[in-house]
1. So what is log10(I(q)/I(0)) for segment 199-263 at q = 0.16, 0.23, 0.24 1/Å, when the Debye sum runs over its Cα atoms only?
2. If you find the alpha carbon centre of segment 205-271 and of segment 397-431, how far apart are they in angstrom?
3. When only C-alpha pairs under 8 Å and at least 6 residues apart count, what is the relative contact order of the chain, in percent?
4. Give, in nm to one decimal, the length gained when the segment between residue 263 and residue 248 is fully stretched (0.36 nm per residue of separation minus the Cα-Cα distance).
5. Let me know the shape class of segment 293-433, please: from the alpha-carbon gyration tensor, a ≥ b ≥ c as square roots of the eigenvalues, rounded when a/c is under 1.5, otherwise prolate if a/b is greater than b/c, or oblate.
6. Based only on Cα atoms, what mean projected area does the convex hull of the chain have, in nm²?
7. At 7 Å along the Cα-to-beta-carbon direction for both residue 79 and residue 98, put a label point, then send me their distance in nm to one decimal.
8. Quick one: putting +1 on the C-beta of Lys and Arg, -1 on the C-beta of Asp and Glu, what dipole do you get for segment 309-357 around its Cα centre, in Debye to the nearest 20?
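Quick note: the coordinates plus some simple rules give every number you see, no bench work behind them. In this text the structure is predicted, and so the values were computed from the model without any measurement. Cβ placement follows ideal geometry from the backbone for every residue including glycine, while neighbour counts extend to all protein chains displayed.
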Amino acid sequence: MKRYMVSILVVLLLLTGCGGGKVPEETTTTPTPAPVSPGQDEMSIEEMAVSLVSDMAAGEFDKVVSYYPFSPEMKAVISDGKFIKDQIWNPLISVYGEFSEITGTLASQYQEYDIISVKTSFEKAKLYINVVFNADKLVAGLNFAPDPDGATPAETPEGITETEITFGKSGWELPATLTKPAGDGPFPAIVLVHGSGPNDRDETVGPNKPFRDIALDLAQKGIATLRYDKRTYAHQQKMSALTDITVYDETVEDAVLAAEFLKGDSSIDQENVYILGHSLGGMLIPRIAELTPSTAGYIIMAGPVTPLEDLMVKQVEYLNDLDGTATDQENQMLEAYKAMRDNIKALKPGSDTPPEQLFGTPASYWLDLMDYNPAKAAKAIEKPLLVLQGERDYQVTMEEFELWKDSLGQKSNVTFKSYKGLNHLMIHGEGTPDPQEYNIPGKVDDQVIEDIASWVLGS
């Protein structure tokens, strides 16, 4: 059985490379509606979302498929109740335990989509089950995210300080956490830059928080970090209203501003500020490096070289092949991804191709990445560069690591490290890699932390 992470069923609201669903930013809380049985036309979207989740919890999987109005894209993926049962509901309960109850709803918007987050309690966790509706009131996506109110915060090791700060462009300020080792400093420091999608400062994926792991562990080795909520997370509604968003707006500019912020902190060693980019953030390190000439060095962690639109197709192909077969729905989904990839390849300046035909992201975003070859661009980096890769990563595979090595392997300033058994989050896993392992609590591997610390302190 193929085990898709629920978020893959979303008609992509923004590029989703790492995250497992977004907690709504600006929301309204509504009382929990009772499960209803009137016709669809009589339901509000809140009622429909609650009713849909209630039916899944009751095991009415065939009803979910036949009764609720799914978009054509969703119908291409979900054609029968068995799919709902085996690839959406059962994976949830296998990780989080038996379903308990629905406790409320939250409503938010993203571009033309309405998102109803159904607050639920399971045996082991509280979750938002997000039901995404398009402008025609059709269900365009399903995903889940941990309820932050139900999470148990990790303890901060003794002596380490975590200070809440704000930085950024006027009107786009970002909440952030500055983590410092014990003592007075000055400390070397690393800016942590997220992967694709609307990520929080911890880069939370299910129960895992890789950026928090990195920050706390590096602090124990004498290195400070700055991690921040991504612009598409902190300002979701404002960003979604833009029709001309670029990768510079989404990622690059704030990484540059974060490095500049650290330059104004007297407890930070001004000669030893580094930038670490994970996934998409790693892919963009060469662009960030162009704008941060005083930075001491850069770290690419699980960063792709292959264009994102091609990488997304490869990921779906991998998931389809997990059990050696592909269903009609899975083949239809793959063809839909290929069509969107081809649409991106065909873009020209001034193109009016709608976002829903471009993985839910405006043409301006893809045009900003057009003809960008990160491995080639990285040749211009003269500062120390560390490239890290998990060997079990199915999202950004060892093929990408080899592309970096092919381009940069002869440069004396570049160090390469790969790790057996580690996935895209640099967390250890067993068996065939699949999305469900991201829902198993883990921690960034100690060897990764040790290698980063040794490289920074020895640079």
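1. Rounded to two decimals, the profile gives -0.64, -1.05, -1.09.
2. Segment 205-271 and segment 397-431 have Cα centres separated by 23 Å.
3. Values: 942 pairs, mean separation 71.5, N = 459.
Once divided by the residue count of the chain, the mean separation gives 16 percent.
4. Working: separation 15, 0.36 × 15 = 5.40 nm, distance 2.10 nm.
Stretched fully, the residue 263-residue 248 segment lengthens by 3.3 nm.
5. Working: a/c = 2.76, a/b = 1.23, b/c = 2.24.
Cα axes put segment 293-433 in the oblate bin.
6. Values: hull surface 82.9 nm².
With the hull built on Cα positions only, its mean projection is 20.7 nm².
7. 3.5
8. On the way: 5 positive and 11 negative charges, 61 e Å.
Dipole of segment 309-357, to the nearest 20 debye: 300 debye.
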